[in-house]
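Since the structure comes first, as C-alpha cells, the remarks are kept for the end.
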Amino acid sequence: MYEDRRSDRKEAAPSMASAAPARKPYRKAPPQHRETRHGPPVAPPPPTPRPDTNQEALSDSDRIRMLQQQNEDLQRRLALSTHKMEAAEAEFDGSRHYMEAELSRTRDDLDKMRDKFR
C-alpha cells in the first residue's frame, strides 16, 4: 500500500552561488546580558556664519549676547554629560555589587565542595 518513493527523488546539486557556508541568524542577548554602551554626546552643529558682510562690525552687546548663548549651550551640554556619567557610575556600582555577591556565593559553594570531597 505504501511505497518507498525516496529512490524516485532527485537530489539537487549544490549550486556555485551558495558555496559560502550558511551563517546562523543573529540572536540578541537577553537584556540582563547586554552591554550598555553610551555613545559620545552629540554636539549641535556649529553656528552658521551670517551672510552679513558687516560681521566684523558687531557691537560689543552683540558679541556679549553671542558669548552668553554659547556659554548657556555649553552649560547645558556639561549638565547632560554629568547626568549621563552619574547614571553610568550608578549602573557600574550596581553591577560591581552584584558581581561581588556572586563571587562570594561561588567561593562559598567551592568551599562546600572542597569540604565534601575531603
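Every read-out reported here was derived from the displayed coordinates using simple, explicitly stated rules and does not represent laboratory data. If you're wondering where the values come from, they're calculated on a predicted model, not measured in any experiment. Cβ coordinates were reconstructed from backbone atoms using ideal geometry, including for glycine residues, and neighbour counts include every protein chain displayed.
Quick rundown of the values:
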quantity	calculated
Charge tally in the Cβ shell below 14 Å around Asn71, where Lys, Arg are +1 and Asp, Glu are -1, Asn71 excluded	+2
Under the Karplus curve 6.51 cos²θ - 1.76 cosθ + 1.60, θ = phi - 60°, whole-Hz ³J(HN,Hα) for segment 58-68, x wherever Gly or Pro sits	4, 6, 4, 5, 5, 4, 5, 4, 4, 5, 5
Positive dipole terminus of segment 59-118, leading residue within Thr106, Gln69, Ser59 (C-beta point charges)	Thr106
